[in-house]
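Here the structure is laid out as structure tokens; the discussion comes afterwards.
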Amino acid sequence: MVLPHLNAAYTLARYLTKDVNEAEDATQEAILRAVRYVHTLRNDADARAWLLAIVRRECYGGRQHRIDTVAFDDVPELQLVDQGAQTDAAANRSMLQHRIREVVAALPDGLRETLILRELQQCSYDEIATITEVPLGTVMSRLSRARARVAEALGSLASFEEGYG
């Protein structure tokens, strides 16, 4: 029930911890915990959301002091550019890719995880509320604030790219 969601679990852990080793450890612990407590999963419950909630708790529990301390440069999900391309447009996209990583990494934990769950994991608002254990209104507010911060931070770069794209 949970193994089909292993990639989603690792991706979330990678964004929350910003560290490959921490993400691997958190994912492994979450899978073990999920197997151990699979009997608590209701038949009608969404196994993906249930697993991602476990991953989230694993990432924040006991690892909080090390979150936000590791570089965030090697996450493949934000790959926007064919690295072999040598055009000006590719260089501009590469610069935008780097800036997006910086902006997302700088978001507060609650905003970052909500944005990642919605935009990369494509979770519904209800699933995000379940995973993060916050009310639906908080999910909508966090997502709105996260998107606004990203748009604001990327505004000058987007204007730059328009002139050269």
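The values are calculated or read from the model by the stated rules, or taken from the named source; none is laboratory data. Just so it is clear, the structure is predicted and the values come from calculations on it, not from any experiment. All Cβ positions, even for glycine, are placed from backbone atoms using ideal geometry, and neighbour counts span all protein chains on display.
Overview of values
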quantity	calculated
Where a residue in region 34-50 is assigned to a loop (DSSP other than H, G, I, E, B) and its partner, wherever it lies, is modelled with pLDDT under 85, with Cβ under 7 Å and at least six apart	LEU41/MET1
Enumeration of residues in region 86-111 that are in a loop (DSSP other than H, G, I, E, B) and either surrounded by 12 or more Cβ atoms within 10 Å (Cβ to Cβ) or modelled with pLDDT of 80 or more (or both)	LEU107, PRO108
Complete set of residues in region 1-28 that are over 21 Å from ASP126 (Cβ atoms) and crowded, with 19+ Cβ neighbours inside 10 Å	TYR10, ALA13, ARG14, THR17, LYS18, ASP19, GLU22, ALA23, ALA26, THR27
Every residue from region 15-73 that is among the polar types (S, T, N, Q), under 27 Å from ALA106 (Cβ atoms) and modelled with pLDDT under 90	THR17, GLN64, THR69
